[in-house]
Amino acid sequence: MRKRKTSAWRSAAAVCALLLTAAGCGSGGGDDKGGHAPDKLGKGEGKVNIIAWAGYAEDGSNDPKVDWVHPFEKKTGCQVNTKTAGTSDEMVSLMKTGQYDTVSASGDATLRLIASGDAAPVNTKLVPNYKDIFPALKQQPFNSKDGRMYGIPHGRGANLLMYRTDKVKPAPDSWRAVFDDSARYSGHVTAYDSPIYIADAALYLMRAKPSLGIKNPYALDQKQLDAAVSLLKKQHKAVGEYWSDYQKEITAFKGGDSVIGTTWQVIANLTKAEKAPVKTVLPKEGATGWSDTWMVSAKAEHPNCAYKWLDWIVSPKVNAQVAEYFGEAPANRKACAETSDPNHCAIFHADDEKYFQRVHFWTTPIKECLDGRKDATCTDYAQWTRAWTEVKG
C-alpha cells in the first residue's frame, strides 16, 4: 500500500484513538509503553521467538536447499522458534501476548504495533547491515515515528493475480476478472481473508468507477467504502473459499477448487513446484502490496538474539535468498549482487521507485483521510472489520 503515507501518521497517540479497539491501544503514546532502544547489545540469550510470514524464516523443512535459519543458529547460538502467521491481524494479536521477540510486520500492522506500544524503537547502529538498506525504505511513516526507526526494512512487493492457465482464458490483465467478471468462475474464485482486502476492491474501483473519487484505496469515506463493500458482496457469490493459510491456497489451486484470485509470489512459486499450471500477473490497475519491517517487541525476552536476527535477515546474502524464495525486491541494495539470478532485482524492480508508484502498500485505514482530504472523514480499521464481516455474511 505504499503510496507513501502522509502526515496522518504524525502522532501515534492520536492514531491509537482511531484504530480498531481490538488492536488493544491503551492510554498514552507508543513511546512511553514501547520502551527505548538499547545503547548496546549483550551476549545472546540462546533463543529467539519469531513471528513471520510464510517464506521469511525457512529452515529447510519445506525445501532442504532453502535454509537460512540453521546457519544463523550455528553462527550466533540463538535457537530460532518460528510462528508462521497468515494475516497482519494475527501478527498484532500474537505480539500482544509478549511471547515473541520480533515480527516481520507489514504496513497494516506496523502502525498499530507502534501506537499500542507493543513495538520498541530500534537502534539502527546496532544493526550494521542497516547502512546498506535502500534509502527509499528508511524513515517511512509506516516504520518510523518522530525520526526514530521502529524496525529494519525487509523487502517489498506486490499482491498479484494468479490463475490456472488451463481454466482461465484468455489470460487476464485486469482485476475485473475477479470482480465484475467473477461470475465466469463462480465457485472457483479465491480472495485474501482479511479486512485489508477491501483495499483491493477500492483499487479496482479507482479506475472502474472514477466518479467515486477514490485516490487512495486506504482512504475511503463512507460512500466509497459502501461501493467497495457492494463490489465485494457481488464477488462473494463467486468465491469458493477465502484464504489466509498459504498452504490452503496452494492445495486449492493444485486441485482446481480455485482457478483465479489474489496471491503472493511465494505461493505461486510453491504451487508451480506442485506441478499446477498457474501464472501470475500484475494487473493494469496496479496492485496492493507490502513493505515489510522486522520489529522488536517492547516485551522481548531475548532482545540480543532478536537484534542478531535483524542484522542476519537483512545481510546481503541472506536478504538475497529470502527475496528470491519469496518473490520480492530485497531491502539491502548489496543483496542484488548475491542473487542466484543476476536479473532478480531488475525483475522485481528493487530500486525502481516509478514501478512502486503502481503498488499501494498495506496501510492501516484511519479517520484522518490518508489522501490529504480535509473536508471529509474517512472510515477506520474498525469500520473495515465490521464491513468485512458483513461481506462474508
When S174 is run through (1) open to solvent by less than 30 Å² (accessible area, probe 1.4 Å); (2) among the polar types (S, T, N, Q); (3) out of contact with any Lys or Arg (no Cβ under 8 Å at 6 or more places or on another chain), the failure sits at (3)
Does any residue in region 52-80 that is closer than 16 Å to G155 by Cα come within less than 6 Å, Cβ to Cβ, of a residue that is aromatic (F, W, Y) and outside any loop (DSSP other than H, G, I, E, B) six or more places away or on a different chain, and which pairs are these? A54/Y246; G55/Y325; G55/F326
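Residue-wise test of (1) among the small types (G, A, S); (2) in a helix (DSSP H, G or I).
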{"position": "Y325", "(1), (2)": "no, yes"}
{"position": "C345", "(1), (2)": "no, yes"}
{"position": "A350", "(1), (2)": "yes, no"}
{"position": "K354", "(1), (2)": "no, yes"}
{"position": "P365", "(1), (2)": "no, no"}
{"position": "R373", "(1), (2)": "no, no"}
{"position": "C378", "(1), (2)": "no, no"}
Within region 84-96, is even one residue modelled with pLDDT of 95 or more, surrounded by fewer than 24 Cβ atoms within 10 Å (Cβ to Cβ) and in a strand (DSSP E or B)? yes
Every residue in region 99-116 that is assigned to a loop (DSSP other than H, G, I, E, B) and buried (at least 24 other Cβ atoms within 10 Å of the Cβ), please. Y100, D101, S106
What number of residues within region 39-70 satisfy the criterion of being at pLDDT 95 or above, open to solvent by less than 60 Å² (accessible area, probe 1.4 Å) and either on the phi > 0 side of the Ramachandran plot or assigned to a helix (DSSP H, G or I) (or both)? 3
What number goes with the only condition from (1) part of a helix (DSSP H, G or I); (2) modelled with pLDDT of 95 or more; (3) of a type in the set (A, V, I, L, M, F, W, C); (4) under 21 Å from the mean Cα position of the chain (by Cα) that A382 does not pass? (2)
Restricting region 210-255 to residues that are among the charged types (D, E, K, R) and not in a helix (DSSP H, G or I), the residue that is farthest from Y163 (Cα to Cα): D221
Out of all the residues in region 156-164, is one or more at pLDDT 95 or above and more than 19 Å from the chain's Cα centre (by Cα)? yes
Find the residue count for region 342-371, including only residues that are farther than 18 Å from N332 by Cβ and not hydroxyl-bearing (S, T, Y). 14
Residues to consider are A183, A177; find the one that is outside any strand (DSSP E or B) and touching a residue at least 60 places away in the same chain (Cβ under 8 Å). A177
Pick from region 257-282, criterion in a helix (DSSP H, G or I) and more than 18 Å from the chain's Cα centre (by Cα), ranking: surrounded by the fewest Cβ atoms within 10 Å (Cβ to Cβ): A273
Among (1) open to solvent by 20 Å² or more (accessible area, probe 1.4 Å); (2) under 26 Å from V278 (Cα atoms); (3) polar (S, T, N, Q) - the single one Q235 does not satisfy: (1)
So which residues in region 352-367 are modelled with pLDDT of 90 or more and open to solvent by 60 Å² or more (accessible area, probe 1.4 Å)? K367
Which ones in region 145-160 are part of a strand (DSSP E or B) and farther than 16 Å from W290 by Cα? K145, R148, M149
Scope region 177-194; condition open to solvent by less than 70 Å² (accessible area, probe 1.4 Å) and not polar (S, T, N, Q); matching residues: A177, V178, F179, D180, D181, Y185, G187, V189, A191, Y192, D193
Single condition S244 does not satisfy, out of (1) polar (S, T, N, Q); (2) more than 22 Å from the chain's Cα centre (by Cα); (3) surrounded by fewer than 20 Cβ atoms within 10 Å (Cβ to Cβ): (2)
Considering every residue within region 298-308, establish whether at least one is of a type outside the set (G, A, S), in contact with a helix residue (DSSP H, G or I) (Cβ under 8 Å, 6 or more places away or on another chain), open to solvent by less than 10 Å² (accessible area, probe 1.4 Å) and farther than 24 Å from I114 by Cα. no
Residues of region 283-297 classified as under 30 Å from L203 (Cβ atoms), crowded, with 24+ Cβ neighbours inside 10 Å and not small (G, A, S), total: 6
From the residues in region 325-337 that are in contact with a helix residue (DSSP H, G or I) (Cβ under 6 Å, 6 or more places away or on another chain) and either without any contact (Cβ under 8 Å) to a residue 12 or more places away in the chain or surrounded by 20 or more Cβ atoms within 10 Å (Cβ to Cβ) (or both), which one is nearest to Y204 (Cα to Cα)? G327
Where E285 falls short, out of the listed (1) modelled with pLDDT under 95; (2) in a loop (DSSP other than H, G, I, E, B): (1)
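The values are calculated or read from the model by the stated rules, or taken from the named source; none is laboratory data. Predicted model, so just to flag it, every value in this text is computed and none were measured. Cβ atoms come from the backbone with ideal geometry, glycine included; neighbour counts cover every protein chain shown. All accessible areas refer to the heavy atoms of the entire protein, side chains included, with ligands and DNA or RNA removed. Shrake-Rupley method; radii C 1.70, N 1.55, O 1.52, S 1.80 Å.
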